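Quick notes on the structure that follows.
The values are calculated or read from the model by the stated rules, or taken from the named source; none is laboratory data. It should be emphasised that the depicted structure is a prediction, and the values quoted were computed from it without experimental measurement. Ideal geometry is used to build each Cβ from the backbone, glycine not excepted, and the neighbour counts take in all protein chains shown. Ligands, DNA and RNA are excluded from the accessible area calculation, which covers all protein heavy atoms including side chains. Shrake-Rupley method; radii C 1.70, N 1.55, O 1.52, S 1.80 Å.
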Amino acid sequence: MPPDPASPILLFDSGVGGLTVYDALRKLLPDAPVIYAADLAGLPYGSKTEAQIAARVAGLLGRMAERWQPRLACIACNTASTIALGMVREVLEIPIVGTVPAIKPAAALTRSGTIGLVGTEATIRQAYVDDLEARFAADKRLLRIAAPELVGAAEAKLRGRTVDPALIAAVKARLLAMPGAEGLDVLVLACTHFPLLGEELTAAFGPNVTQIDGATGIARRIAALTQGQGFARTGPDRFIVTGPLAGAAGLEAALAARGFASAEAF
Ligand code: DGL
């Protein structure tokens, strides 16, 4: 049976990072009802253990799916996807789209053969990433670094605060200090928060380093999986946060610009 046209697509992240997926999805499916859920009470995921992240993401998505009956859920977070995608697929009956580091397109793009991958501490140590590297970039040099400070910077930027260029410069310096980093020409933004800092990253890395993320590919995947389904939006999209609603303070302009209603608590 086709889903109810009002049944939403659920986008889930620890914070505002998944809005990069939301923006890409909006362009492809302008009429799709979306509920965006930010687990601000659990942010940041990157410093948590695999067990903590898996339990939290599977538990929350289960409760959210029960409450909102989405037609599809997207884990718009590399950390949660590389750890919990399989588990969530086992417990939910709807299609689940994950977000995994764009290593395959990066490998196709690099000319020097040296790729940087910036993610959270948890993402860069995942076997899932080892596997992507082995399958798609075995003949390339993939340099991984954790940059949890960029998650906070992206959260702050969306709340109207300026990003300190020194923060980005320090990430760049750490990456380029790694053995074999000279010639690096592609940067995989392996955290959905990081494309929100695209301008700042371009200012630091310059135009010769191509930044690549998964947002457009994920949006295409969601569009393919919902092809032929009817969509009816009955109002503005909903932006839900776990924890106190005060966590969303400062996001009003970013939400209004995207056409969301005021934030709600889960
Ligand atoms: N946005 C998330 C990701 O893609 C993680 C941010 C965090 O909670 O540490 O990895």
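Any residue in region 25-44 that's assigned to a loop (DSSP other than H, G, I, E, B): show its pairings with residues that are open to solvent by less than 10 Å² (accessible area, probe 1.4 Å) and of a type in the set (D, E, K, R) at Cβ separation under 8 Å, as long as the two are six or more apart or on different chains.
Close Cβ pairs satisfying both conditions: PRO33/ASP237; ASP39/ASP13.
Answer with yes or no whether SER7 is within 12 Å of the ligand (Cβ to nearest atom), at pLDDT 95 or above, surrounded by 19 or more Cβ atoms within 10 Å (Cβ to Cβ) and not aromatic (Phe, Trp, Tyr).
So SER7 fails the test.
Can you find, within region 64-89, the residue that is nearest to the chain's Cα centre (by Cα) among those that are away from the ligand (no atom under 11 Å from the Cβ), in contact (Cβ under 8 Å) with a residue 60 or more places away in the chain and part of a helix (DSSP H, G or I)?
MET64
Please note which helices (runs of 4 or more DSSP H) are completely contained in region 93-202 and include at least 2 residues that are surrounded by 14 or more Cβ atoms within 10 Å (Cβ to Cβ) and among the β-branched types (Val, Ile, Thr).
Values: elements: 103-109, 121-124, 127-136, 149-158, 165-176.
Qualifying helices (runs of 4 or more DSSP H): 121-124, 165-176.
When the residues of region 212-266 are narrowed to those that are of a type in the set (Val, Ile, Thr) and out of contact with any strand residue (DSSP E or B) (no Cβ under 9 Å at 6 or more places or on another chain), which ends up surrounded by the most Cβ atoms within 10 Å (Cβ to Cβ)?
The extreme case among them is THR216.
Hey, GLY119 hits all of (1) touching a residue at least 24 places away in the same chain (Cβ under 8 Å); (2) more than 12 Å from the ligand (Cβ to nearest atom) but one; which does it fall short on?
Result: GLY119 passes all but (2).
Taking the condition over 16 Å from ALA122 (Cα atoms), outside any loop (DSSP other than H, G, I, E, B) and of a type in the set (Asp, Glu), does ASP4 pass?
On the way: over 16 Å from ALA122 (Cα atoms): yes; outside any loop (DSSP other than H, G, I, E, B): no; of a type in the set (Asp, Glu): yes.
So ASP4 fails the test.
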